[in-house]
Amino acid sequence: MGDAGGSGDLVLVTGARGFIAKHVIREALARGYRVRGTIRRPEAEAEVRAAVGEPGPRLSFVHAELLADDGWPEAMQGCRYVLHLASAFPLVAPVERDALVPVARDGTLRVLRAAADAGVERTVLTSSCAAIWAGHPPDPTRVLTEADWAITDSPRTDSYSRSKALAERAAWNFLHGTPTSMSLVSINPSFVMGPPLDRGVQSSADLVLMFLRGRYPLVPNWGVEIVDVRDVAAAHLAALETPAAAGRRFIVSDSALTLSDMGRILGREFPQFRKKMPKGALPDFLTRLLGRVDPGVRQIVPDLGPPKRTSSQAAREVLGIQCRPAEEALTAMARGVIELGMV
């Protein structure tokens, strides 16, 4: 399983245009793998090649979409491994609870069926800590682990978190109910930040951009655990190369930062933006009132208070992943969007 250095094995990376996917592709190429990426539009090929710095034949592309069967058998042909990263990630989750489920769950099952049919050895699924912590009430004494699952029917669970949990559940049910030699691993990152490789960072950078643009005069009493995208990419490759990872979930996360923490750190590290940082905290009752009319605020209302905590012990012990500090991930993303002229 997974010779060190890749040995030229072919890895399929779905959703190659994504923020995490570009880092995963670059990491895989650096370890000696050949990579085939799935894209939805032909023009994405040049974008991904430029971002990862690979103009040659070690990186190739195929058209495939999560809601259609076409292209997936061809995408899997000759692949030893699959890294399934393709997924919708809106900054504001849709109000309709199941709006994202077809892409997340049905798309995941489509990829897994094609991988199993093609004799793929191992698939690594990019899930989320949302599939672990969503729906659980804030509790500063509780540390969530891979044994925990989101409460998908809870009114606290937004449509994005619901889709990620249902997709991961479906993936494990598929594996356990299908006669296949393929193994499955899930990587469950917290809120992913870190350096963008290009301007195509999509919604991943929106939170930082809103700070730098002065959109938060006051911030709610809310926080979230953060992980650096470089550590998430390393975890994906370790999940391919580590025999003991088979059949397991892995939380990949560092500590939590509140919105107030983020404003303070960004103002300190980037003094040219200090005046744009929040001037204080928004009382919880006002946040709840705003949540009635603002979908973005409504999404965080159930989690006002102490940020949820998780344990990355399994990722450290099995995958050898020691995550960078959350503050480093935050400042790396801010520095990147500033240097790319996105502010």
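Please treat every number below as a calculation from the coordinates, not as lab data. Keep in mind that this is a model prediction, so the values were computed, not measured. No Cβ is skipped: glycine too gets one built from the backbone with ideal geometry, and neighbour counts run over all protein chains shown.
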- Note on the structure: Interchain or sequence-distant (5+) residues whose placed amide H lies within less than 5 Å of the amide H of I321 are R316
- Note on the structure: Sorted by chain and number, the residues with a modelled amide H under 5 Å from that of S183, at a separation of 5 or more or across chains, are R122, T123
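Just to verify a number: FRET efficiency for Q322 and R264, C-beta to C-beta distance, R0 = 22 Å, to 0.05? Walk me through the numbers before you get to the answer.
Values: r = 25 Å, r/R0 = 1.14.
It comes to 0.30.
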- Query: Which order do peptides 223-234, 300-311 fall in by mean Cβ count within 10 Å, highest first?
  - Reply: 223-234, 300-311
- Tell me, what ³J(HN,Hα) does each residue in segment 232-242 have, in order and in whole Hz, if you take phi through Karplus 6.51 cos²θ - 1.76 cosθ + 1.60 with θ = phi - 60° and put x for Gly and Pro? 5, 4, 4, 5, 4, 6, 4, 5, 6, 8, 9
- Item | Inter-label distance, nm, simple model (7 Å from Cα along the C-beta direction), S311/A147 | 0.8 nm
- Query: Applying the Karplus parametrisation 6.51 cos²θ - 1.76 cosθ + 1.60 with θ = phi - 60° to the phi angles of segment 207-223, what ³J(HN,Hα) value in whole Hz is obtained for each residue in order, glycine and proline being reported as x?
  - Reply: 4, 5, 4, 5, 4, 5, 8, x, 7, 10, x, 10, 10, x, 7, 9, x
- Under 5 Å from the placed amide H of A281, counting only residues 5+ away or on other chains, we find V219
- In whole Hz, what ³J(HN,Hα) sequence does segment 300-316 give by Karplus (6.51, -1.76, 1.60; θ = phi - 60°), x for Gly and Pro? 9, 3, x, 10, 4, x, x, x, 5, 10, 10, 10, 9, 4, 5, 5, 5
